[in-house]
Amino acid sequence: MTKPEEVLKYCPKCGSSRFHFEGERSFLCDKCGFHFFINSSAAVAALIENEKGELMLTVRAFNPNKGMLDLPGGFVDPNESVENAIKREIKEELNLDVESLTYLKSFPNEYVFSGYSVFTSDLGFHCKVSGWDKLHIKDDISDIVFVTKENIDWNLICADSIKNIIKFYWNQS
Ligand SMILES: [Zn+2]
């Protein structure tokens, strides 16, 4: 009971209860005519390796999936470029500067937050950082770990989309 059509009951514009699910992914208000669409939000995930070629994963400090492993990244803000989002998130979470980035592949994700299904398009980027001296773990992560193909525990990765991005990266590199 977390899908938008099961949760959203009133028009977000006029408050009317004559707000109904049109099917597929939109709602229509019979009172004010507001047409509301459910879209997927863009989110970025960074693949960053240390000097030994190990992949950096972050430990999530908050729910959803508190304590589980993730790639650094987050949502793209309204009116922000995807490229800026990845640079901003790496700076916010790790205090590191992205020197170069290469787009890899995207995977869809769906998770439940506040009893509501959230849909994202998780965009994977290979990133190089200018150095590790300024590394400072903050914001919405509590720690980082470095993993390899041999020792990664897939059960600790927070989402299938993130697993898929990592697998794609390792299969093509
Ligand atoms: Zn309305």
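The values are calculated or read from the model by the stated rules, or taken from the named source; none is laboratory data. Note that this is a predicted model, so its numbers are computed, not measured. Neighbour counts run over all protein chains shown; Cβ positions are idealised from the backbone, glycine included. The protein model used for the area step is the full one, side chains on, heavy atoms only, and it has no ligands, DNA or RNA in it. Shrake-Rupley method; radii C 1.70, N 1.55, O 1.52, S 1.80 Å.
For ASN164, state whether it is outside any strand (DSSP E or B), surrounded by fewer than 14 Cβ atoms within 10 Å (Cβ to Cβ) and not assigned by TED's automatic domain parsing to the domain that holds LEU8.
So ASN164 does not fit the description; no.
Is there any pair with a first residue in region 34-51 that is of a type in the set (Phe, Trp, Tyr) and a second that is within 16 Å of the ligand (Cβ to nearest atom) whose Cβ atoms are under 6 Å apart and which are 6 or more apart or on different chains, and what are they?
Hits for this filter: PHE34/CYS11; PHE34/LYS13; PHE36/PHE27; PHE37/SER26.
When you check SER17 against the structure, is it open to solvent by 50 Å² or more (accessible area, probe 1.4 Å), without any contact (Cβ under 8 Å) to a residue 40 or more places away in the chain, among the polar types (S, T, N, Q) and not assigned by TED's automatic domain parsing to the domain that holds LYS128, yes or no?
yes
Among SER26, SER16, SER40, SER81, which is the only one that is under 19 Å from the mean Cα position of the chain (by Cα) and either within 16 Å of the ligand (Cβ to nearest atom) or within 21 Å of LYS163 (Cα to Cα) (or both)?
SER40
Filter region 104-129 for residues that are open to solvent by 70 Å² or more (accessible area, probe 1.4 Å) and over 17 Å from SER41 (Cα atoms) and give the result.
LYS128
Any idea which residue in region 1-13 is farthest from the ligand (Cβ to nearest atom), counting only those that are in contact (Cβ under 8 Å) with a residue 12 or more places away in the chain and of a type in the set (Lys, Arg)?
Per the stated criteria, the residue is LYS3.
Filter region 26-42 down to residues that are touching a helix residue (DSSP H, G or I) at 6+ places or on another chain (Cβ under 8 Å) and within 23 Å of ASP122 (Cβ to Cβ), then give me how many there are.
Going through region 26-42 one residue at a time, the tally reaches 2.
Give region 48-79 a look and list any residue that's open to solvent by less than 30 Å² (accessible area, probe 1.4 Å) and over 16 Å from LEU101 (Cα atoms), or say none.
LEU57, THR58, VAL59, ALA61, PRO64, LEU69, ASP70
Could you say which residue among LYS87, LYS91, LYS138 is touching a helix residue (DSSP H, G or I) at 6+ places or on another chain (Cβ under 9 Å) and either without any contact (Cβ under 8 Å) to a residue 24 or more places away in the chain or open to solvent by 60 Å² or more (accessible area, probe 1.4 Å) (or both)?
LYS138
Among the residues in region 44-62, are any out of contact with any Leu (no Cβ under 6 Å at 6 or more places or on another chain), over 22 Å from HIS126 (Cβ atoms) and within 13 Å of the ligand (Cβ to nearest atom)?
no
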